[in-house]
Amino acid sequence: MTYILPPLNALRAFEAAARHLSFKLAAHELHVTPAAVGQQVKALEARLGVRLFERLHKQLVLTEAGQAYLPEISGGFRRIANATEKLKPVGAVLLQLGVHGSFDLRRLELAAFRASHAEIGLRVLQPAGLHELIEGKVDVLIARGLGHHPGYRCDRVTEGSGLGDWLIAPAGTADCPEISSFRDWLRGLPAENALPLHRRRLVGIVRS
């Protein structure tokens, strides 16, 4: 059976915007810009041939069609998430890696990492940001930005100064075997992958 589906990114944008009734909050959740969420929703409406939102002054309201669509789409995503959660990667220890949305995963050679580290079950969440790391949804994060995060060890994974890609892990677990193995893996990648780790930073303690 072939499923005829709208683009999944557009469905994610609609579902998040409909839950929050806000493009801004949906964008924060999905790690994109509010304009990108708006464009995805607009494209989805054009594809479906129905309006899903009424765009009022500083307010987003679901249309009747949007109200009917939301619980079905949310339920579908929930079932996919639950089914995915039940799948356990092969390995005695689970390592959950978060990666920012614009990072090319091919640079990490993850299939080779899994093959050479059978004891580690690696799962990847993309896009992910510091929010997911703080909430414990990922154990270690490749983030875009400046590596200054109190209470976290930050290792730069791209050359240069200023903004760049950083490997970020909580200070308390930054040297656990599975994260250390992944850090060593990044150090050993071929030079053409441009992923040297340097400029270790370990900054302070997180304060509430």
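Remarks
- Scan of the stretch 103-138 for residues that are of a type in the set (D, E) and over 10 Å from the mean Cα position of the chain (by Cα), ordered by number: D104, E109, E119, E135
- E45 farther than 30 Å from G145 by Cβ, among the acidic types (D, E) and surrounded by 14 or more Cβ atoms within 10 Å (Cβ to Cβ): yes
- Screening E45, E54 for residues that are without any contact (Cβ under 8 Å) to a residue 24 or more places away in the chain and in contact with a Leu (Cβ under 6 Å, 6 or more places away or on another chain) leaves exactly one candidate, E45.
- For the stretch 59-92, the tally of residues that are open to solvent by 60 Å² or more (accessible area, probe 1.4 Å) and over 23 Å from S22 (Cβ atoms) stands at 10.
- The residue that is most open to solvent (accessible area, probe 1.4 Å), counting only those in the stretch 93-115 that are touching a residue at least 24 places away in the same chain (Cβ under 8 Å) and in contact with a Phe, Trp or Tyr (Cβ under 9 Å, 6 or more places away or on another chain), is E109.
- Of residues in the stretch 1-24 being closer than 12 Å to L60 by Cβ and surrounded by fewer than 16 Cβ atoms within 10 Å (Cβ to Cβ), the one nearest to the chain's Cα centre (by Cα): K24
The values are calculated or read from the model by the stated rules, or taken from the named source; none is laboratory data. Quick caveat, the model's predicted, so the values are computed rather than measured. All Cβ positions, glycine included, derive from the backbone under ideal geometry; neighbour counts span all protein chains shown. What goes into the accessible areas is simple: the full protein's heavy atoms, side chains included, and nothing from ligands, DNA or RNA. Shrake-Rupley method; radii C 1.70, N 1.55, O 1.52, S 1.80 Å.
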